[in-house]
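Trainee: Please read through the structure below; I'll follow up with questions.
The values are calculated or read from the model by the stated rules, or taken from the named source; none is laboratory data. Note that the structure is predicted; figures quoted are calculated from it, not measured. Note: ideal-geometry Cβ built from the backbone for every residue, glycine included; neighbour counts use all protein chains shown.
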Amino acid sequence: MGPRGAKSYRDSVTSAKATPLSQKTLPDLDPRVARPQYDRSAVSVGIVHFGVGGFHRAHQAMYLDTLMNQGKALDWGVCGVGVMPSDKAMQEALSKQDHLYTLLLKDGQGHLDARVIGSIVDYVYAPEDPQRVLEVMTAPTTRIVSLTVTEGGYNIDNTTGAFDVDNPAIVADVEGRRRGEPPVTMYGYVAEAVRLRRERNIPPFTVMSCDNIQSNGEVARSSIAAFAGLLDPDLAEFIRTEVPFPNAMVDRITPVTTPDVLEAVAGFGIDDAWPVACEPFTQWVLQDAFGLGRPPFEDVGVQMVADVEPYELMKLRLLNAGHQAIAYAGMLCGYTYAHETAADPLFVQFLRDYWNTEARLTLPEAPGIDVDEYCDTLVERFANPQVRDTLARLGSYASDRIPKFVVPVIRTNLANGLVSTRAIGIAVTWARYAEAVDEQGQPLTIVDVEKDEVLERGARQKDDPLALARSTRWFGDLADDPRFASVYTEQLALIHEVGAREFLTWLNAQPK
């Protein structure tokens, strides 16, 4: 499925005679539109990427395009790979446009910049041509396999940290591989490609995760090796010890492509099947640990470091937890967009108090980062009305995000003798939201991999206020800690009694 509302809007775009985007039409585009300044026919594939969504196209592919415009990294072009049924639409959209697409930057003052990105040079929909995927992954010229498969795409249990071997998709892939069938999942393709390269005496590629999880390289290593171990323990050990998995911290707000994005791109005279919009801010901190070389990312602002963890923790516990802080309370208060909450002093104070009195206490120093300035920038980014990032998007998949972004703040501070009133408050707004009914009695849509359990636990909260918090997958053993349990129970009763807005007012009045 393409951008929401895209079909009806694209009909009007066509009638307005916007230029269909392709390599041939690049010279004819509006002079305001930046476009590749390099010969794309000279670009060869050096990176295979799983998960070509909005974020990859606004981030990693953009950095590579910037390098190519400097005359560098022409041997680091991207071949996208899609393994999910939903990826077919992206493959079709990009192939019709010679894999070009428009990146639309929206700043807070309403200024728009359009740029055509050319660093993606191929895209394979794996279910239709699995052999071709393996061919490009095993080519000696492919030196990096990169991933944006979402936080939940690594199939890791939140509590145990173990790979979920009972996931039906994993079971089916393993059984198929035992029958000699092609891989199905990302894990299957990466493991098989490593095996084939080893068999052919080709050094292993580097696996570079660009997903929004702590120690993403280590998590990728763990999940892919665990999958391989279900078929070949020796291969699993080879992956653990011989395949590089650098960690990374990535950041750029990239909302879902909506009809207004298509309209804005058409305003530049471009008919683009699937453009992507984003904020001007972008950040990438990357561990410099590659086996077969890498593009000169530092030449385009990527911070190459030995240890990513301080930067990861800063982003996860400030920006990502900040998103959770505004998402559920904001929707309960009737807001739709992030910028609406960031224009409300109540939410801004809550964010700043959470950051300054709780989250920052858990963070190690991140060299080169002024955390006060970083927090100021976050408020500005949240307040950008042009991005139109929905609270529904920020609040989706909470059962995966709350455990990674918010619960560690609660646990770390408890270990140091501090009860994180505001972080617990964020969890409580999710618990109230999990009841799937707003304060006017209207239904709320819950988007979550574990939706059924979220709804079941949410429905039991009137009889058992700790029903959601008792999930050890999401909260570990916090429900057994009386310091946490008493505050959580008190807060859940309060938000039911006074509503989300008065609840935040009460939180803001708590000691700092």
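Trainee: Among (1) of a type in the set (A, V, I, L, M, F, W, C); (2) farther than 19 Å from Thr429 by Cα; (3) at pLDDT 95 or above, there is one condition Val387 misses while meeting the rest; what is its number?
Mentor: (3)
Trainee: For Val379, are the conditions met, namely being within 24 Å of the chain's Cα centre (by Cα) and in a loop (DSSP other than H, G, I, E, B)?
Mentor: In short, no.
Trainee: To continue, here is another question. So in the range 191-215, with the set limited to residues that are among the aliphatic types (A, V, I, L, M) and either closer than 26 Å to Val308 by Cβ or part of a loop (DSSP other than H, G, I, E, B) (or both), which one is nearest to the chain's Cα centre (by Cα)?
Mentor: Ile213
Trainee: From Val256, Val250, Val261, Val348, which residue is in a helix (DSSP H, G or I), of a type outside the set (Lys, Arg) and not assigned by TED's automatic domain parsing to the domain that holds Ile402? Full working, then the answer.
Mentor: Values: Val256 fails: in a helix (DSSP H, G or I); Val250 fails: in a helix (DSSP H, G or I); Val348 fails: not assigned by TED's automatic domain parsing to the domain that holds Ile402.
Of Val256, Val250, Val261, Val348, the one residue that is in a helix (DSSP H, G or I), of a type outside the set (Lys, Arg) and not assigned by TED's automatic domain parsing to the domain that holds Ile402 is Val261.
Trainee: Please enumerate the residues belonging to the range 160-189 that are surrounded by fewer than 19 Cβ atoms within 10 Å (Cβ to Cβ), in contact with a helix residue (DSSP H, G or I) (Cβ under 7 Å, 6 or more places away or on another chain) and outside any loop (DSSP other than H, G, I, E, B).
Mentor: Listed by number, the list is empty, since nothing qualifies.
Trainee: For the range 280-329, enumerate the residues that are in a helix (DSSP H, G or I) and aromatic (Phe, Trp, Tyr).
Mentor: Listed by number, the residues that qualify are Phe297, Tyr311, Tyr328.
Trainee: Turning to a different aspect of this structure: So for the range 409-426 (the condition being farther than 27 Å from Ile156 by Cα, polar (S, T, N, Q) and at pLDDT 95 or above), does at least one residue qualify?
Mentor: Initial filter on the range 409-426 (farther than 27 Å from Ile156 by Cα): 416-419, 421-422.
Filter once more, so that each one left must be polar (S, T, N, Q): 416, 421.
Next, only the ones that are at pLDDT 95 or above stay: 416, 421.
Yes, because at least one residue in the range 409-426 is farther than 27 Å from Ile156 by Cα, polar (S, T, N, Q) and at pLDDT 95 or above.
Trainee: To continue, here is another question. Under the condition of being surrounded by fewer than 20 Cβ atoms within 10 Å (Cβ to Cβ) and among the basic types (Lys, Arg), which residue from the range 83-114 is nearest to the chain's Cα centre (by Cα)?
Mentor: Lys88
Trainee: Go over the candidates Ala277, Ala248, Ala264 one by one and state the one that is more than 20 Å from Ile47 (Cα to Cα), among the hydrophobic types (A, V, I, L, M, F, W, C), in contact with a strand residue (DSSP E or B) (Cβ under 9 Å, 6 or more places away or on another chain) and crowded, with 23+ Cβ neighbours inside 10 Å.
Mentor: Step by step, each of Ala277, Ala248, Ala264 is checked, and only Ala277 is more than 20 Å from Ile47 (Cα to Cα), among the hydrophobic types (A, V, I, L, M, F, W, C), in contact with a strand residue (DSSP E or B) (Cβ under 9 Å, 6 or more places away or on another chain) and crowded, with 23+ Cβ neighbours inside 10 Å.
Trainee: Pick out the one residue from Leu26, Leu64, Leu21 that is closer than 28 Å to Gly293 by Cβ, among the aliphatic types (A, V, I, L, M) and touching a residue at least 60 places away in the same chain (Cβ under 8 Å).
Mentor: Only one candidate qualifies: Leu64.
Trainee: Inspect the range 32-41 for any residue being acidic (Asp, Glu) and at pLDDT 95 or above and give the result as yes or no. Full working, then the answer.
Mentor: In the first step, residues of the range 32-41 are kept if they are acidic (Asp, Glu); the result is 39.
After this cut, where a residue has to be at pLDDT 95 or above as well, the list is 39.
For the range 32-41, residues acidic (Asp, Glu) and at pLDDT 95 or above: present.
Trainee: Of the numbered conditions (1) closer than 19 Å to Gly188 by Cβ; (2) surrounded by 19 or more Cβ atoms within 10 Å (Cβ to Cβ), Gln131 fails exactly one; give the number of that condition.
Mentor: (2)
Trainee: Separate question: Residues of the range 264-279 being closer than 13 Å to Arg388 by Cα and assigned to a loop (DSSP other than H, G, I, E, B), which ones?
Mentor: Residue satisfying the conditions is Glu279 alone.
Trainee: How many residues does the range 240-262 contain that are farther than 18 Å from Gln60 by Cβ, in contact (Cβ under 8 Å) with a residue 40 or more places away in the chain and among the polar types (S, T, N, Q)?
Mentor: So the count comes out to 1.
Trainee: Considering only residues that are touching a residue at least 40 places away in the same chain (Cβ under 8 Å) and either surrounded by 20 or more Cβ atoms within 10 Å (Cβ to Cβ) or not in a loop (DSSP other than H, G, I, E, B) (or both), which ones fall in the range 472-495?
Mentor: Thr472, Arg473, Trp474, Phe475, Leu478, Arg483, Phe484, Val487, Tyr488, Gln491, Leu492, Ile495
Trainee: Would you check which residues across the range 333-352 are surrounded by 22 or more Cβ atoms within 10 Å (Cβ to Cβ), of a type in the set (A, V, I, L, M, F, W, C) and under 22 Å from His496 (Cα atoms) and list them?
Mentor: Cys333, Phe347, Phe350, Leu351, listed by residue number.
Trainee: Here are the criteria: (1) of a type outside the set (Ser, Thr, Tyr); (2) crowded, with 24+ Cβ neighbours inside 10 Å; (3) touching a residue at least 60 places away in the same chain (Cβ under 8 Å). Tell me which single one Trp355 does not satisfy.
Mentor: Trp355 satisfies every listed condition except (3).
Trainee: Moving on. Output the residues belonging to the range 59-80 that are within 24 Å of Pro255 (Cβ to Cβ) and crowded, with 23+ Cβ neighbours inside 10 Å.
Mentor: Gln60, Ala61, Leu64, Asp65, Val78, Gly80
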